[in-house]
Amino acid sequence: MRKGGGIIIRLIDVVLILLLGFLKVSDIVHKKQIKLPSRASSQRSMDKPKNVVPLKVMILPTKKDDIVPDHIALELSKIDPESEFSLSLKSQLFCYYMVQDSIKTRRIQLIEELDSYIDSTYKSYMVNGDSMFVVINPDSNSMVQGTINLIDVCRRYKIKRSFQYDEGIKK
């Protein structure tokens with residue numbers, strides 16, 4: 001009976017030595033206290049709430065009877081069909097953007113017009129203390145390049161974006 005008790009005491013000793021060794025070599029870092037905001041700073045942030053305004057952009061394919069700007073069709077005929085630039089022009093030829101803000105809906109064909117519109121709208125919201133994000137809603141029949149062009153514009157101005165995909169967008 002004495003022999004069995006001695007083995008257990010030795011095992012307990014070994015476990016305690018290992019535990020103390022692990023405590024010695026472990027990296028114990030004291031966490032700093034988090035500074036909570038004071039009542040005055042929380043009141044200031046509550047005085048003027050920041051509105052987050054969505055800008056909805058639908059990407060739709062052009063129809064056969066849609067009018068395409070002549071300078072796009074002319075430029076498209078001049079360039080190499082395998083170049084990256086041709087994809088951007090084709091997307092402007094075969095899809096358009098329906099931009100809906102809080103006031104009205106606009107139809108925009110050219111990516112340059114969309115770029116300047118998003119830039120001016122974003123700046124006007126920032127002046128008022130609001131922020132804007134873009135809801136991208138591509139049609140299943142539109143060119144993917146049209147969506148990529150819109151994402152590039154949002155990245156250029158560091159605008160947050162989200163996607164909404166509807167199976168059958170009503171036109």
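Just a few scattered comments:
- Structure note, pairs Lys56/Lys158; Lys56/Lys160; Lys35/Lys158: Cα-Cα distances above 22 angstrom occur for Lys35/Lys158.
- Protection proxy ranking, highest mean first, for peptides 8-20, 149-161: 149-161, 8-20, where packing is the per-residue count of other beta-carbon atoms within 10 Å, averaged.
- Fully extending the segment from Lys56 to Ser116, taken as 0.36 nm per residue of separation minus the present Cα-Cα distance, adds 20.0 nm.
- For Thr62, residues with placed amide H under 5 Å, excluding near neighbours: Cys95, Tyr96
Every number in this text was worked out from the coordinates using simple rules, so none of it is lab data. Not measured: the values here are computed from a predicted model. Cβ sites come from the backbone with ideal geometry, for glycine too, and all protein chains shown count toward neighbours.
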